[in-house]
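The values are calculated or read from the model by the stated rules, or taken from the named source; none is laboratory data. What you see is a predicted model; the values in this text were computed from it and never measured. Note: ideal-geometry Cβ built from the backbone for every residue, glycine included; neighbour counts use all protein chains shown. Surface accessibility is based on the protein's heavy atoms, side chains included, excluding ligands, DNA and RNA. Shrake-Rupley method; radii C 1.70, N 1.55, O 1.52, S 1.80 Å.
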Amino acid sequence: MLKTQQISIIVLIIFSILFIHFPPVHSASGKDMQVHFINVGQGDSIFIQTPNDKHILIDGGPPQAGKKVVHYLKKHGIKKLDLVVATHPDIDHIGGLITVMKHIKIDKILDSGKLHTTRRYAKYIQEIVKQEIPISITKLHEKIPLDPSIHIQVLNTFKKSRTNNQSSIVLKMSYNNVDFLFMGDVEMEQEQEIIKKVDEQTEIVKVAHHGSNTSTSLSFLQAVRPKTAILTYHKDNRYGHPVDRVIDHLYQVGASIYSTGALGNIVIRTDGTSYMVETEKEPLDFLYAS
């Protein structure tokens, strides 16, 4: 049986999807971009197909999700990734990348530069060396010129004395009039710095740190004004993600909430003017199955 708190969060998520806002669906006037939030359980893995058919993977989820990520990529006909972004060295973000490196050709890895002492991080580095994959360390404000039709900029990365989460690479990606913020696991202090660099509404935000209590302040959401919020977490996680405060803040700014824990894989398709959200499961399926 679900606890009352979990039921309340599920109902809020379903309510936001069904009644508050649903992104418009229009016929594409140009090439589409697709952003896939892969359901890797308690972790992050985001696959991006750019308008000019460049392929980006942001994180690979926990170790046990590696095979799922590889299967998902191959199912979509992906044999090579132009860029892999390892946002920070926590196991639920880089754990699955080791398997990905063994099965998918990777042209380049972008890393935060934050070192870690875990065995899994050591294996991640060893696999990069073994596969001879070029790796570079992000710089704040760096622009990533992967596809001329989109703009990708680094809004946060490692600084001395920062924790793993605080060192997360945060990317803003824009395709004409549609903007994405990929927040990694940053905390409220980094969010306040990011506000200064975002001077317009961001349509889609990947909520930081799986909806934990360390991130997603109301002031941040009021500044970026997301229309759509994506939460990545396992529905039975032991951390209590997402916390009520985060859901309430998203509800206050009128964002539609989609979660991999409730809806499985989530795909956003955009032509740069409008966008649509596709989910693997129907919103009510999760409630009835719980």
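When each of Gly254, Gly240 is tested for being touching a helix residue (DSSP H, G or I) at 6+ places or on another chain (Cβ under 7 Å), open to solvent by 10 Å² or more (accessible area, probe 1.4 Å), on the phi > 0 side of the Ramachandran plot and not β-branched (Val, Ile, Thr), the lone residue that passes is Gly254.
For residues in region 208-220 being part of a helix (DSSP H, G or I) and under 16 Å from the mean Cα position of the chain (by Cα), which is farthest from Met188 (Cα to Cα)? So that I can check it myself, show each step before the final result.
To start, the set of residues in region 208-220 that are part of a helix (DSSP H, G or I) comprises 208-211, 218-220.
Still in the running and under 16 Å from the mean Cα position of the chain (by Cα): 208-211.
Numbers: Ala208: 9, His209: 11, His210: 13, Gly211: 12 Å.
Checked region 208-220; the qualifying residue farthest from Met188 (Cα to Cα) is His210.
Considering Thr138, Thr99, the condition of being modelled with pLDDT of 95 or more, β-branched (Val, Ile, Thr) and surrounded by fewer than 22 Cβ atoms within 10 Å (Cβ to Cβ) is satisfied by Thr99 alone.
Here Asp111, Asp90, Asp107 are screened, and the one residue that is surrounded by fewer than 19 Cβ atoms within 10 Å (Cβ to Cβ), within 21 Å of the chain's Cα centre (by Cα) and acidic (Asp, Glu) is Asp107. Restricting the first member to region 62-83 and to residues that are basic (Lys, Arg), and the second to residues that are open to solvent by 70 Å² or more (accessible area, probe 1.4 Å) and in a helix (DSSP H, G or I), the beta-carbon pairs closer than 9 Å and six or more apart or on different chains are Lys67/His103; Lys74/His103.
Evaluation of Asn164 against the conditions (1) within 19 Å of Asp90 (Cβ to Cβ); (2) open to solvent by less than 10 Å² (accessible area, probe 1.4 Å); (3) touching a residue at least 60 places away in the same chain (Cβ under 8 Å); (4) over 14 Å from the mean Cα position of the chain (by Cα) shows that the sole unmet condition is (2). Name the residue that is most open to solvent (accessible area, probe 1.4 Å), counting only residues in region 53-87 that are of a type in the set (Lys, Arg) and in a helix (DSSP H, G or I). Top of the filtered list is Lys67. Of the residues examined, Asp92 is one that is touching a residue at least 40 places away in the same chain (Cβ under 8 Å), assigned to a helix (DSSP H, G or I) and not aliphatic (A, V, I, L, M). Mind checking which pairs have a first residue in region 34-54 that is closer than 14 Å to Leu146 by Cβ and a second that is open to solvent by less than 10 Å² (accessible area, probe 1.4 Å) and of a type in the set (Asp, Glu), Cβ under 8 Å, 6 or more apart or different chains? Between residues of region 34-54 that are closer than 14 Å to Leu146 by Cβ and residues that are open to solvent by less than 10 Å² (accessible area, probe 1.4 Å) and of a type in the set (Asp, Glu), the close pairs are Thr50/Asp147; Pro51/Asp147; Asn52/Asp147; Lys54/Asp147. Quick one: would you say Thr273 is without any contact (Cβ under 8 Å) to a residue 60 or more places away in the chain and either open to solvent by 10 Å² or more (accessible area, probe 1.4 Å) or in a loop (DSSP other than H, G, I, E, B) (or both)? Against the criterion (without any contact (Cβ under 8 Å) to a residue 60 or more places away in the chain and either open to solvent by 10 Å² or more (accessible area, probe 1.4 Å) or in a loop (DSSP other than H, G, I, E, B) (or both)), Thr273 does not qualify.
Being open to solvent by less than 50 Å² (accessible area, probe 1.4 Å), in contact (Cβ under 8 Å) with a residue 60 or more places away in the chain and basic (Lys, Arg) narrows it down to one of Lys227, Lys206, Lys172, so name that one. Walk me through how you get there before you give the answer.
Details: Lys227 fails: open to solvent by less than 50 Å² (accessible area, probe 1.4 Å); Lys172 fails: in contact (Cβ under 8 Å) with a residue 60 or more places away in the chain.
Within the list Lys227, Lys206, Lys172, the selection yields Lys206.
Out of all the residues in region 132-142, is one or more part of a helix (DSSP H, G or I) and not β-branched (Val, Ile, Thr)?
Narrowing region 132-142 to residues part of a helix (DSSP H, G or I): none.
For region 132-142, residues part of a helix (DSSP H, G or I) and not β-branched (Val, Ile, Thr): absent.
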